[in-house]
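The values are calculated or read from the model by the stated rules, or taken from the named source; none is laboratory data. Computed from a predicted model, the values in this text were never measured in an experiment. Neighbour counts run over all protein chains shown; Cβ positions are idealised from the backbone, glycine included. Heavy atoms of the whole protein, side chains included, go into the accessibility calculation; ligands, DNA and RNA do not. Shrake-Rupley method; radii C 1.70, N 1.55, O 1.52, S 1.80 Å.
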Amino acid sequence: MTRNALITEDTMPAEITDLATGYRRLPAGKLANAVTWMEARAPRPDLALPLAMTRITMPDCASYRAIFLEIGAPWLWDRVSEMSDAEIAEHFADPRQHLYFGYDESGAHLGMVEFFVADSGEIEITHFGLFPSLTGRGFGKRLMAGALDLAWRLDPSRIWLHTSSFDHHSVIGFYSACGFVPFATGFEIVDDPRIKGTLARDAAPQIPLIEAEWHPCNPDSRQVARA
């Protein structure tokens, strides 16, 4: 999941557009991100054994940037690449911003969760992820169990998040198993961070990188899409 540098309190986009059915081709350098909004209205008991969670109130900027990108670059998270150290410090100076690191019984750092406690009483999980080498081993549910345990203690009216088509293909099923229910879908058009320079060009190879406009008369057009 990704958002702008400063998290807003909007629960979902306000605009509803009457879209014609059919395919649309994007300009080179743009990506279409299909989004699903999901919410939980009550805790799900016995989700998993929670990881030990430590709140980081003022992270070291270099370490935070490295952790964020190690976890998120495979899914095109690039928020911190666009933030200065001062902006990161300002971001976490807001007490509504919560950052937690999850640890196993041996004390190994496994992943991170960020959530935002809105003035309305809702909580948005803005970033959630394990280090790439740890996926598929059951730690995801334990990290989510730890995060939800902390979030529900704040007595929110609901906890919500949005998924991304850039995320792992099983993400909808994962969040559903954690007690979240879809309530809206949509899309966003974004600049490809690998082209604008906020992520390495070899990040997220599962998402095609389109650098130039395709034209049927251009014999080199086949070389601009890199899987």
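Tabulated data for the structure shown
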| item | result |
| --- | --- |
| Residues of the range 149-160 that turn out to be part of a loop (DSSP other than H, G, I, E, B) and crowded, with 21+ Cβ neighbours inside 10 Å, as a count | 0 |
| Some residue of the range 100-111 being more than 22 Å from D60 (Cα to Cα) and either at pLDDT 95 or above or open to solvent by 10 Å² or more (accessible area, probe 1.4 Å) (or both) | yes |
| Of the criteria (1) in contact with an Asp or Glu (Cβ under 9 Å, 6 or more places away or on another chain); (2) open to solvent by 20 Å² or more (accessible area, probe 1.4 Å), which one A93 fails | (1) |
| Out of T163, T198, sole residue that is of a type in the set (V, I, T), in contact with a Ser or Thr (Cβ under 9 Å, 6 or more places away or on another chain), in a loop (DSSP other than H, G, I, E, B) and surrounded by 16 or more Cβ atoms within 10 Å (Cβ to Cβ) | T198 |
| Selection within the range 127-148 - outside any helix (DSSP H, G or I), more than 16 Å from L69 (Cβ to Cβ) and either touching a Gly at 6+ places or on another chain (Cβ under 6 Å) or in contact (Cβ under 8 Å) with a residue 60 or more places away in the chain (or both) | G138 |
| Per-region count, the range 172-183, residues closer than 30 Å to D18 by Cα and either open to solvent by less than 20 Å² (accessible area, probe 1.4 Å) or assigned to a loop (DSSP other than H, G, I, E, B) (or both) | 2 |
| Residue count, the range 173-213 (criterion: over 29 Å from L148 (Cα atoms), in contact (Cβ under 8 Å) with a residue 12 or more places away in the chain and of a type outside the set (D, E, K, R)) | 15 |
| Selected residue [out of contact with any helix residue (DSSP H, G or I) (no Cβ under 9 Å at 6 or more places or on another chain) and either outside any strand (DSSP E or B) or open to solvent by less than 10 Å² (accessible area, probe 1.4 Å) (or both)] from S120, S81 | S120 |
| All positions within the range 14-60 that are among the β-branched types (V, I, T), in contact with a Phe, Trp or Tyr (Cβ under 8 Å, 6 or more places away or on another chain) and either open to solvent by 60 Å² or more (accessible area, probe 1.4 Å) or closer than 16 Å to F115 by Cβ (or both) | T54, I56, T57 |
